[in-house]
Amino acid sequence: MQLVRYDEPLENDELAFLVKKEQKERGQYFKLIKWIMMFCFLCPFAVAWFRAMDGSEDPFSYAAYFLGVFYLVCFSGGGTYLAYYYNLRKIQSDIRHKTKTIERAHITRKQFVPHTNTYHFYIDSPNKLSIEVTAIDFHRLDKGDELSIEYTTYSKMYLGYF
């Protein structure tokens, strides 16, 4: 089976959903940065107090303090940038390009989950293993049938099926 995939413009409600999600995640991202910066400046100060209680000769050394701050800022800044690069940047690319990807997939397995009373199709997509479907579609479609799924082009966020 050949993978069929093409891009389409995002609909207005899908774009609004992405903008809202991006604003929420950006707010959380800046809140995280604020907490990390406080940690980076307070932690070396706390270490200096512990050194002072141990009787160190120069516990409040500027060099040791700023070296500790520099190390923590570099380490946490690298981790924060990676979180931005792999999450928020991709959502921003989706908003900027305003595209979604439509992919044709085939049903490989059907499953009803009685605990949550939901219906699922397992599909042969490289981007999505399974999707939740309506009861009507679950009974209408069978293993091997074809359906199309929609997801954002860059962040691969699932939007729906038809």
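It is to be established whether one or more residues within the stretch 77-90 are over 30 Å from C43 (Cβ atoms) and not charged (D, E, K, R).
No, that holds for no residue.
Looking only at the stretch 83-142, count every residue that is in contact with a His (Cβ under 7 Å, 6 or more places away or on another chain) and among the charged types (D, E, K, R) and tell me the total.
So the count comes out to 2.
Based on this model, can you work out whether G27 counts as part of a helix (DSSP H, G or I), loosely packed, with under 15 Cβ neighbours inside 10 Å and touching a Cys at 6+ places or on another chain (Cβ under 9 Å)?
no
Taking strands (runs of 3 or more DSSP E) that fall entirely within the stretch 52-146, which contain at least 3 residues that are β-branched (V, I, T) and surrounded by 14 or more Cβ atoms within 10 Å (Cβ to Cβ)?
99-113
Inside the stretch 147-158, can you point out the residues that are in a loop (DSSP other than H, G, I, E, B) and in contact with a strand residue (DSSP E or B) (Cβ under 9 Å, 6 or more places away or on another chain)?
T153, Y154, K156, M157
Restricting to the stretch 30-49, what's the tally of residues that are in contact with a Ser or Thr (Cβ under 9 Å, 6 or more places away or on another chain) and open to solvent by 100 Å² or more (accessible area, probe 1.4 Å)?
Number of matching residues: 1.
Among the candidates I107, I102, I95, I136, which residue alone is under 30 Å from F30 (Cα atoms) and either in contact (Cβ under 8 Å) with a residue 60 or more places away in the chain or over 23 Å from the mean Cα position of the chain (by Cα) (or both)?
Result of the check over I107, I102, I95, I136: I95.
Taking K143 as the residue in question, decide whether it is within 20 Å of the chain's Cα centre (by Cα) and charged (D, E, K, R).
No.
List the residue pairs whose Cβ atoms are under 6 Å apart, where the first residue sits in the stretch 24-39 and is within 19 Å of F70 (Cβ to Cβ), the second is assigned to a helix (DSSP H, G or I), and the two are 6 or more positions apart or on different chains.
Close Cβ pairs (under 6 Å, with a partner that is assigned to a helix (DSSP H, G or I)) amount to I36/S76.
Condition (residue is in contact (Cβ under 8 Å) with a residue 60 or more places away in the chain and of a type outside the set (S, T, Y)) applied to the stretch 65-88: is it met by at least one residue?
Yes, the stretch 65-88 contains a residue that is in contact (Cβ under 8 Å) with a residue 60 or more places away in the chain and of a type outside the set (S, T, Y).
Which is within 22 Å of T101 (Cβ to Cβ) and either touching a helix residue (DSSP H, G or I) at 6+ places or on another chain (Cβ under 9 Å) or among the β-branched types (V, I, T) (or both), of L147, L141?
L147
Scanning for something of a type in the set (D, E) and in contact with a helix residue (DSSP H, G or I) (Cβ under 8 Å, 6 or more places away or on another chain), does the stretch 85-94 turn up at least one residue?
Among the residues of the stretch 85-94, at least one is of a type in the set (D, E) and in contact with a helix residue (DSSP H, G or I) (Cβ under 8 Å, 6 or more places away or on another chain), which makes the answer yes.
The values are calculated or read from the model by the stated rules, or taken from the named source; none is laboratory data. No experiment lies behind these values; they were computed from the predicted model shown. Cβ atoms come from the backbone with ideal geometry, glycine included; neighbour counts cover every protein chain shown. Side chains are part of the model used for accessible areas, which takes the heavy atoms of the whole protein and leaves out ligands, DNA and RNA. Shrake-Rupley method; radii C 1.70, N 1.55, O 1.52, S 1.80 Å.
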